[in-house]
Each structure stands twice: as C-alpha cells, then as structure tokens.
Amino acid sequence: MCNGRTMQSSMTLLAPQMPQKEEYSQPPGEIHAQDRTPHLHLELRINALKGLLAFTTALFVLFLFSLPFLSWLFNDVFGFAKDLCETPAEEIQCGGGVSYVEIAEKLGRRNAAGMLVGCGCEDGILRDWSCAVGTTSFSISYFISTAPGTGAMAALSAWPCIGMWFYGAGMLRKLSNTEGTHAATLDFVGGTLVAFQFFYGLFLMNTTCLAPTFHAISVTLFNVAAVVHYLAVAYTVDRSTRAGLYITISVAVGVVAIALGAVWPESPSWLGQHAFWLGECIGLSSGMSIAADPDVLRVKRPGQALGGLGGACLYRPGLAQMHPKRAHKVSVCPKTQALGCTEPSCSA
C-alpha cells in the first residue's frame, strides 16, 4: 500500500507526461479582425468625406462653366427676365457693340406695358447672357452680381473652402509634432488661408454693380493669397511628392489661364467676349480642386496614423535621413518612407 508521500511523488514524476488542459486563446486572425473594425469604420467615414468633397467641388466647377447657360435657362426659358429685368432696352450698352434693342426684340423681352426691357445691373437670376451689359466682356463676377448669383456662388464654394482648411492647414497642423515642421511655417500656411478666406468674403460682398473698384481689389488680393497659400502647402509637403507636384501644377495652370484671359483681345466674337470668363473658370477650378486631391491625404489599409485619422499618411522621401534625431519617435515605412503610419497602413 502506498502512503500519501509516495503517491505525491509519483504524480510529480508523471505530470510532464500527462496531457495538460490548455486555456482557450483567441485566434490571431480574429483578434486582428476586431482590431481593424474601428479603423475600417473611420476609413469609410474619411472616404465618404473625400467623396462628398470631390462631388461638391465638381458641382462648383460645373456651375462656373455653365453660367451663361444657367443665365439663359432661368432668365429666358423659365421667364424670370420678364419679372426681374426692368431696365429699358434703349438704355443698355453691350460690350460687343451690338444693339441691345435688337437683342430684346429677338428674345421677346417686353414688360407688362409692352416696352422692350433688358437685364441691367442686379437684374435677373444671373446677369444677362445675351451680351456683356455695361462692361467690355464677360466674367464670373459679372454673372454672379445678382442676389441669387452671389448666394449660389457662396453656397457651392463652401465645401471646397472647407476642404482647403481640412486638407491644408488643418492636416499639416495635426502632422506637425512628428513631421518636424517649424511652427512659423504652419503659421504662415494658416495665415495665408485666413487672408484668402477674408478677401474671398469681400469679393462676394462687394459685387461689380455696387462697388466695382473695391471688388477688383478684393479679387486681386484673394487670388494672390490663394497662390501664396497653395505654394506654401506644396513646399511644406515637399514639392517632389505627388501631392506637391499636383498642387504646384494646378497653381501654374490657374495663373496662366487667368493671365491669358486677361490679355486676350476683346472683340465682338464669342471668344473675344468670353475669354476672360473662361480663364477665370479654369483658374478658380484649378485652385478649388486642389483640396480634392487624393494624394494630400492618402487613405490605405487600416492602421495607426497621426492625429487619429486612421490610414492618413504624409509622404516625405528620405524622411528618416532628414530628421535623424527624431528617428526613435517617427514611424517610417522602409519601402515608401511614409511618415507616422504603421506597416499595415502604408506598406507599398
């Protein structure tokens, strides 16, 4: 018969050979899937925001290029000119040298008394498309100088302006602590954007009908502020990156288009009357569409990112070499040199 001590010794010897009851451990794939869920939801929200921004920017661009068509549609097809346009036709001067009386007769623009009338300053849903009334040629400022036109311009450009804040100064500020950008650079980027927003507001408030001189000053200043702002953003994100190149090229296209439109000879021809308007459309579209650039914020597979925006990577070639003192703080992908992202979020 074995005593208690002998039995205990036997159990001790047999213990390594006996099957052990293992505790349940969650499969790595299941853990990874749970960890990805919040990032997937955030990524979907970011992509939805980017999609909304791209859609509203496209709508704004479409609005700019269709201003003459919209003026014809609302004023003549829908008949708003008969109720809103009250200027006698014989008092209206056309920029192309055409008789407005003949235009009014052709379009059937008569008031309730049977008199020929036209759309003068602030008349109509949008300014008159049939000729440049009271000026030498068409422009964006000309078409939107009515109350509905100014309201539409402000409403449709609101989202592109929000994109400029979110994807420009706002995102660079979130990335600043790790990226190593000097505070003075970020202050300059933000300051130029504030200047753009301020003068753009003055441009909308002071139409060509009410304050033509102050309107021209506001247009010049908001364009200069926008160019300086975008170039500062391109410099901050590195002009050699896709985002930097996209911004720089867009600015160049916009500046050249506006300059060509401004120097194009004015004449009674369609292009002679619309060249400046076309240049403005291309220039403003190029500027406002920068915020919808998919490379300013590149959302890839879920991962930890700076500023809590899962999957947002700022690409800076050779970043580890540029900031060797921060190498222990900066997460840099070895293949793409993307800043601030874990391997799953920025691997090539």
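Annotations
- A cut-off of 5 Å between modelled amide H atoms, ignoring neighbours fewer than 5 places along the same chain, links Cys85 with Gly124.
- Surface composition of segment 33-125: carbon plus sulfur atoms hold 62% of the accessible area, using a 1.4 angstrom probe and ignoring ligands, DNA and RNA.
- Distance in nm between pseudo-label sites at Trp270 and Met205 (7 Å out along the Cβ direction from Cα): 3.9
- The simple Förster model, with R0 at 25 Å and r as the Cβ-Cβ distance, assigns Ile162 and Thr213 a FRET efficiency of 0.25.
- Modelled spin labels at Leu62 and Gln93, positioned 7 Å past Cα toward Cβ, are 3.9 nm from each other.
- Rounded to the nearest 0.05, the FRET efficiency derived from the C-beta distance between Phe78 and Thr220 at R0 = 30 Å is 0.30.
- Where labels lie 7 Å past Cα in the beta-carbon direction, separation of Val194 and Asn47 in nm: 3.7
The values are calculated or read from the model by the stated rules, or taken from the named source; none is laboratory data. As the structure is a prediction and not an experimental result, all values here were calculated from the model. Quick reminder, even Gly has a Cβ in these numbers, built from the backbone with ideal geometry, and neighbours come from all protein chains shown. The accessibility values were calculated without ligands, DNA or RNA, using every heavy atom of the protein model including side chains. Shrake-Rupley method; radii C 1.70, N 1.55, O 1.52, S 1.80 Å.
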